[in-house]
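Here's the structure we're looking at; comments come further down.
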Amino acid sequence: MSLSPALTFAIAGLGSGLTEAIVVNPFEVVKVGLQANRNTFKEQPSTMSYARHIIKKEGLGLQGLNKGFTATLGRHGVFNMVYFGFYFNVKNIIPVNKDPTLEFLRKFGIGLLSGTIASVINIPFDVAKSRIQGPQPVPGEIKYRTCFKTMATVYQEEGILALYKGLLPKIMRLGPGGAVMLLVYEHTYSWLQKNW
């Protein structure tokens with residue numbers, strides 16, 4: 001059975017995103033915990049001591065160093081699936097331009113649109129991840145525990161727009177960032193093909 005290029009790129013993106021999520025989730029838990037710490041910088045624990053504190057208190061599992069794992073899988077998997085799938089499929093539809101400036105703009109525009117669309121689609125997972133990994137509304141009481149239940153709670157209590165909190169800064173970061181990353185990838189790939 002052969003897959004269409006559209007599906008191939010989307011599945012490859014999904015696989016890369018899921019793999020990335022598995023690797024980065026413990027670091028996300030530590031990062032969010034350190035960012036939520038309201039003590040002065042001098043009173044902040046080091047990254048390693050905070051990670052050890054999480055492991056000692058909550059363990060390595062889904063309540064400890066891998067808290068928010070499903071939301072992180074959704075955030076990275078969905079983003080990369082849409083980002084790479086959209087970019088490589090749209091790039092093949094829009095004709096290559098012989099003018100180097102226009103070709104640069106073509107690729108930059110497709111990359112920018114890819115990062116923007118992927119951000120819009122995956123942000124509910126990002127919001128859920130932040131709620132699960134961040135401080136809970138009532139200390140000592142876990143309100144946000146699982147990905148889809150967190151999304152449902154946010155939607156019911158705060159409305160649909162709450163699932164899109166932070167969208168503009170996310171687009172401002174991942175739209176241009178996504179365009180730059182794909183341009184560097186394309187340029188490097190092209191250079192390696194010619195020179196190796």
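Structure data summary
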item: Rg/Rh for region 1-43, where both radii come from Cα atoms and Rh is the Kirkwood radius; result: 1.38
item: Given charges at beta-carbon only (K, R positive; D, E negative), |dipole| of the chain in Debye; result: 340
item: For region 1-90: accessible area per residue (Å², 1.4 Å); result: 59
item: Prolate/oblate/rounded label for region 1-110 (Cα gyration tensor, a/c 1.5); result: oblate
item: Matching label, semi-axes √(5λ) of the Cα gyration tensor in Å computed from the structure shown, candidates (1) 25, 18, 17; (2) 36, 24, 17; (3) 36, 19, 16; result: (3)
item: Net dipole in debye of region 1-90 [+1 Lys, Arg Cβ; -1 Asp, Glu Cβ; about Cα centre; nearest 20]; result: 380
item: Most to least packed among 45-54, 4-13, 64-73 [average Cβ atoms within 10 Å]; result: 64-73, 4-13, 45-54
item: Positive-end residue, the chain charge dipole about Cα centroid, Cβ charges, pick of P137, N92, Y50; result: Y50
item: Of the DSSP H helices in the chain, those whose Cα atoms cover at least 20 Å axially and whose Kyte score averages 1.0 or more; result: 5-36
item: Residue among P5, N122, F27 farthest towards the positive dipole end of the chain, charges placed on Cβ; result: F27
item: Long-range HN-HN contacts of T146 with modeled amide H, under 5 Å; result: none
item: Interchain or long-range residues, amide H under 5 Å from G68's placed H; result: none
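The values are calculated or read from the model by the stated rules, or taken from the named source; none is laboratory data. Note that the coordinates shown come from a computational prediction; the quantities given were computed from them, not determined experimentally. Note: ideal-geometry Cβ built from the backbone for every residue, glycine included; neighbour counts use all protein chains shown. Calculation scope for accessible area: heavy atoms of the full protein, side chains included, ligands and nucleic acids excluded. Shrake-Rupley method; radii C 1.70, N 1.55, O 1.52, S 1.80 Å.
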